1. So which helices (runs of 4 or more DSSP H) stay within segment A:1-56 end to end and still have 3 or more residues that are of a type in the set (F, W, Y)?
2. State all residues of segment B:178-189 that are touching a Ser or Thr at 6+ places or on another chain (Cβ under 7 Å) and either surrounded by fewer than 19 Cβ atoms within 10 Å (Cβ to Cβ) or closer than 24 Å to B:R126 by Cα (or both); if no residue qualifies, say none.
3. If B:F119 satisfies every condition in (1) within 14 Å of chain A (Cβ to nearest Cβ); (2) over 19 Å from B:G234 (Cα atoms); (3) at pLDDT 85 or above but one, which is the exception?
4. Restricting attention to segment B:98-116, which residues are of a type in the set (S, T, N, Q) and more than 8 Å from chain A (Cβ to nearest Cβ)?
5. Taking B:E248 as meeting all but one of (1) touching a strand residue (DSSP E or B) at 6+ places or on another chain (Cβ under 9 Å); (2) closer than 23 Å to B:N81 by Cβ, write down the number of the exception.
6. Report, by residue number, each residue of segment B:139-159 that is in a helix (DSSP H, G or I) and at pLDDT 85 or above.
7. Out of all the residues in segment B:59-91, which are surrounded by fewer than 17 Cβ atoms within 10 Å (Cβ to Cβ) and in contact with a His (Cβ under 7 Å, 6 or more places away or on another chain)?
8. Filter segment B:160-199 for residues that are within 21 Å of B:L99 (Cβ to Cβ) and outside any helix (DSSP H, G or I) and give the result.
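The values are calculated or read from the model by the stated rules, or taken from the named source; none is laboratory data. Note that the structure is predicted; figures quoted are calculated from it, not measured. All Cβ positions, glycine included, derive from the backbone under ideal geometry; neighbour counts span all protein chains shown.
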Amino acid sequence: MSAIGYILMIIGALFYVLGGLGLVRMPDVYNRLQAATKATTLGTFSLVLGVGIAQPVWFVKTLLIVVFLTITNPVGSSVLAKASYIYGVKPFKLSKNELDKLYKSRGDENADN
Amino acid sequence: MMKRVIAALLILVLALFIYGNLYSTGEGKLFPKFGNVNLSERVSNKFINKNANGENGVVTYKETKDAESGSANMVTSIVVNYRSFDTLGEVTVLFVSALGVGLLLSGKSRMKFKTPPNFILKAGVRIIAGIILITGVYIFIHGHLTPGGGFPGGSMIASAVLLFYISDDEFRTKVKSFKFLEGTAGSLYLIFGLLGLTMGGYFLYNFLPTGVVGELFSAGIVPIIYIFVGLKVGSELSNLISDFLSEEGK
């Protein structure tokens, strides 16, 4: 059992390394946000679940942490991305922009609901 | 010229005083030599063993009965039991700062954001806010057992309110009921302090039975005080947020 836990922990650490690399290497806000969110969501998932499998006493607690992260982490990064888009951060090498049309066609009053 | 001479003399006397007390090793001096006193035997041991009056004994989790403060969390036992008056001062500082913000920034209507709130955020907040509120309440109820207490729990409640505020343009807390809660909790804190004065002879004295270390109903007055502090801090910070996000006019 604990071997699976350790493997999961190593996978999580690997995701964190890749996320950190992405933060340095990616060209603009959105790409960096994607890299960092992947690291914090998937990395923390496997890290925390690995701890829970290696130490079965904590399994329920780690499951709760995973559920909490599933709800909060993508929401936070999507809000950050939308805020930076509204603020006017230009995406890197934009080939086609459908979002602008969406915001304009619905007007300033209600963009998304 | 005279002033300068007096100032120089004062500095000289002060320097001699400090030197004489700090850097001399005599027996009858104010301070012992630096590094020669084992402070962990003097102060922290007595706090850890729940006894500031001497008689240091070993405290065992879930076994020791009727220890002096009875709280398993050492920090809480110091902050609310031995230094409760200081906590009262901290609560007052927070109250005064909230009052200042309320005087300067409070308005009648809710401030509208330039862009409408994010739909994903709105849906996420609906799921998450209840969990955050329950965690905040848990943290201040279990303040005498686990890390945490009134201030962290109260700020967590206020963070849930802040999430509601930034996810919804129309949302507005019931400021009056929060003010009522805040005032009631603050005055109940003082009333418990005065009860301690009548029962034990000291202001904020821990007059309730302290029970077994590590159980929910233990530590006497500590969890009750922390519930009041948590409610007060939570409602105060929520009011602060609603003051920041309101505007005059219309």
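1. A:2-25
2. If the condition is that a residue be touching a Ser or Thr at 6+ places or on another chain (Cβ under 7 Å) and either surrounded by fewer than 19 Cβ atoms within 10 Å (Cβ to Cβ) or closer than 24 Å to B:R126 by Cα (or both), then B:F178, B:L181 are the ones that fit.
3. Answer for B:F119: the failing condition is (3).
4. B:S106, B:S109
5. (2)
6. Passing the criteria: B:I139, B:F140, B:I141, B:F151, B:P152, B:G153, B:G154, B:S155, B:M156, B:I157, B:A158, B:S159.
7. Scanning segment B:59-91 gives no hits.
8. Answer for segment B:160-199, where residues must be within 21 Å of B:L99 (Cβ to Cβ) and outside any helix (DSSP H, G or I): B:R172, B:T173, B:K174.
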